[in-house]
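No value in this document is a laboratory result; all are computed from the given coordinates. Quick caveat, the model's predicted, so the values are computed rather than measured. Because the Cβ atoms are built from the backbone with ideal geometry, glycine has one as well, and the counts that use them run over all protein chains shown.
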Amino acid sequence: MIRNTKTVFTCTTFEGHWPVGAAAIVLADSAEEAAELLNADLKKSGLKGDAEPKDMVPYPRTNEAVRVLCNGDY
């Protein structure tokens with residue numbers, strides 16, 4: 001079995017299309033790479049691409065884990 005060694009990052013601090021919550025999941029080797037990948041994708045959608053490496057939160061690697069990215073409470 002091939003095991004993926006990349007880290008799953010979550011980010012909820014970038015500017016989206018509307019002034020409400022925005023959230024993304026990124027698979028990358030580092031927080032810096034995650035921010036670069038996310039920003040490139042955001043720019044394709046006409047967004048600023050203002051995510052920063054410090055805002056990339058590693059997702060826990062356990063059997064059970066939950067992280068609500070956007071629950072609609074604005």
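Looking at (1) free of Cβ contacts under 8 Å to residues at least 40 places away in the same chain; (2) in contact with a strand residue (DSSP E or B) (Cβ under 7 Å, 6 or more places away or on another chain); (3) part of a loop (DSSP other than H, G, I, E, B), find the lone condition where E64 falls short.
Result: E64 passes all but (2).
Can you say whether A22 is at negative phi, assigned to a loop (DSSP other than H, G, I, E, B) and touching a Leu at 6+ places or on another chain (Cβ under 6 Å), as far as the supplied structure shows? Step through it out loud before you land on a result.
Working: at negative phi: yes; assigned to a loop (DSSP other than H, G, I, E, B): yes; touching a Leu at 6+ places or on another chain (Cβ under 6 Å): no.
So A22 fails the test.
How about segment 19-42: which of its residues are exposed (fewer than 12 other Cβ atoms within 10 Å of the Cβ) and either small (G, A, S) or over 19 Å from V68 (Cα atoms) (or both)? Spell out the reasoning first.
If we filter segment 19-42 for residues that are exposed (fewer than 12 other Cβ atoms within 10 Å of the Cβ), which is where we start, we get 19-20, 29, 40.
Hits for segment 19-42 are D29, A40.
Could you check segment 25-46 and list, in sequence order, the residues that are within 11 Å of F9 (Cα to Cα) and of a type in the set (S, T, N, Q)?
Listed by number, the list holds a single entry, S30.
Let me spell it out: the conditions are (1) hydrophobic (A, V, I, L, M, F, W, C); (2) within 30 Å of R3 (Cβ to Cβ); (3) not in a helix (DSSP H, G or I), and L47 meets all of them except one. Which number is the exception?
(2)
Have a look at E36, E64 and point out the one that is of a type in the set (D, E) and under 15 Å from the mean Cα position of the chain (by Cα).
Working: E64 fails: under 15 Å from the mean Cα position of the chain (by Cα).
On inspection, the qualifying residue turns out to be E36.
Does K54 satisfy the condition of being in contact (Cβ under 8 Å) with a residue 24 or more places away in the chain, touching a helix residue (DSSP H, G or I) at 6+ places or on another chain (Cβ under 9 Å) and loosely packed, with under 13 Cβ neighbours inside 10 Å? Lay out the reasoning, then the answer.
On the way: in contact (Cβ under 8 Å) with a residue 24 or more places away in the chain: no; touching a helix residue (DSSP H, G or I) at 6+ places or on another chain (Cβ under 9 Å): yes; loosely packed, with under 13 Cβ neighbours inside 10 Å: yes.
Answer is no for this residue.
Could you list all residues from segment 8-18 that are buried (at least 16 other Cβ atoms within 10 Å of the Cβ) and free of Cβ contacts under 8 Å to residues at least 40 places away in the same chain?
The one that is buried (at least 16 other Cβ atoms within 10 Å of the Cβ) and free of Cβ contacts under 8 Å to residues at least 40 places away in the same chain: G16.
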